[in-house]
Structures are given as C-alpha cells and as structure tokens.
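*Asks:* So that we are looking at the same thing, I have put the structure below in structure tokens.
The values are calculated or read from the model by the stated rules, or taken from the named source; none is laboratory data. For clarity, every value in this text was computed on a predicted model and none was experimentally measured. We place every Cβ from the backbone using ideal geometry, glycine too, and count neighbours over all the protein chains shown. The protein model used for the area step is the full one, side chains on, heavy atoms only, and it has no ligands, DNA or RNA in it. Shrake-Rupley method; radii C 1.70, N 1.55, O 1.52, S 1.80 Å.
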Amino acid sequence: MRARTVATAALLIASLTACGSSSDSKSAAAPSAAEPAATETGISKECADAVFDLMIDQVNGADTPDSRPEACADLTDEQWSQAVDEAGDKVLEAGGATGGNADTEAPTEAEFKVGEEARNRGTVVTMKKVREANSITFNGAAKQADPDAKYVILETVVRNETKASMDLTCSLPIINALIDDQGRRFDTIEDLDYVPGNPECNAQLQPGFKDEMKFVYRVPKDANIVLWEFEEYDLEADPAPSLVDLT
C-alpha cells in the first residue's frame, strides 16, 4: 500500500502540476476578504481538501478529471503547485499510516475497548463486534479468503461530529489499520461499498448523523489480531491516531 501510494502520489503531483500551468495563468493576488477559510498562501481549506480527495480517488483507482477542482479555480499557477505539493505530502502521510513499515512494533496501550465509543477529533466509532470468517458476502456473491487466509470483520457505528460530510466507503475520511501481536498492519479490502449493509459509494454521512459500517480485512490464517487504529484525516493536524483494544 505504501509503495503504491508513493508512486501514485508522485505521478499525480506531476500531472496535476502540469495541467495547472497555462499561458493565461492568473497573476498573484491577495486573498479576498470574503474567503475567511483561505490560508496565508491564499489557498482555501476547501481547495486543499478537494486536491487531497482527488489524489485519494486516484490512489483508489477511480477516474479523475484533468482539470482543477472548482474550489481551486482562482489560484495562480504558483499557488496551484503549492496546493498539489501539500496535498501530496498528506497522501504520503496517509499511506504511511495505513501501510506502515515492516519493523513497526504494535502499540502496547489502547485507549478504548470493544463496546465503547472511541473518539478521534470529530469522528466517533463504536466497535460493536469483531468476528472472523473464511468467506464473506461481497457484491452479492460469496468471496473466499483462500486456505492460508481469513477475513476479520469489524462491525461498527460511525458518528460524524465533524463540520463536513464523510464518504465512508469510497474516500478516506477515516485512516485505519488492523494490527496483530507481531506489529503487522493490515489495510481494508477494496470496494467496501460492496459489503452488505455498508453505505453506498459517495453516500455522504452528514454532520450530526451516524451510520453502520463494516471494516473488512484479509489477513493470514494464523494472525492474532489485537488492535484497531483509526484517525480522522485532517490536512491541518499532526497525526494522532486512536487505538481500540480488540482482545
């Protein structure tokens, strides 16, 4: 996951920077007083979030437009390049959080347990049940894990207490990893919207609402799962994941 994220981010940074350049580029201008969310660089949070989401879609294999997001339409070429670079850094951080390194040690302390409300900034997750299975129902059919593997299914309820909507299945509002007693970190399977009961792709969980969500992982048959790590992605915050004890 880490290698794919790094490579994809690098390619996307190059392509987005190229598509932002043009002969009729805008001259630099001071941020408008009507844009309170703009940073000192003139790049609004809406634009920064849009570029990040665009990169995440590309990492996940989705079709993405060649043009700038609407929220970034007024940027100069210099500002656009900076927005792309900053979003690329965030994508790489997310890849590191989900992919991890081979010598990563499992954290020894968890803040929350199964059945409790686990909070990370404005994202609240209640872990209802943890179960293992040799197969799952996926896109209407049985999907086997193979003889040397198994599925770990986390049945949760996610409550959105942020100030923006969340796409739980086709975006990355919650960076997460399943961790075993060897410190190995596992990513969810792709296309979680094909798991029965999960929100549809691009279904936006609005602030103040909650929804049931199954996080599904394919892990080695002998893996002893001990922790779930999750974090609300925030372009302006330092990484600070929360841990749920699954033992």
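*Asks:* Restricting to the stretch 198-247, name every residue that is over 26 Å from residue 182 (Cβ atoms), open to solvent by 50 Å² or more (accessible area, probe 1.4 Å) and in a strand (DSSP E or B).
*Replies:* Scanning the stretch 198-247 gives 204, 210, 211, 212.
*Asks:* Among (1) in contact (Cβ under 8 Å) with a residue 60 or more places away in the chain; (2) surrounded by 19 or more Cβ atoms within 10 Å (Cβ to Cβ); (3) in a strand (DSSP E or B), there is one condition residue 158 misses while meeting the rest; what is its number?
*Replies:* All conditions are met except number (1).
*Asks:* Tell me, yes or no, whether the stretch 177-197 has at least one residue that is in contact with a strand residue (DSSP E or B) (Cβ under 6 Å, 6 or more places away or on another chain), polar (S, T, N, Q), in a strand (DSSP E or B) and under 14 Å from residue 125 (Cα atoms).
*Replies:* No, because not a single residue in the stretch 177-197 is in contact with a strand residue (DSSP E or B) (Cβ under 6 Å, 6 or more places away or on another chain), polar (S, T, N, Q), in a strand (DSSP E or B) and under 14 Å from residue 125 (Cα atoms).
Residues are listed down the side, and each one gets a yes or a no for (1) aliphatic (A, V, I, L, M); (2) part of a loop (DSSP other than H, G, I, E, B); (3) over 21 Å from residue 236 (Cβ atoms):
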residue	(1), (2), (3)
115	no, yes, yes
124	yes, no, no
128	no, no, yes
137	no, no, yes
146	no, yes, yes
150	no, no, yes
172	yes, yes, no
175	yes, no, no
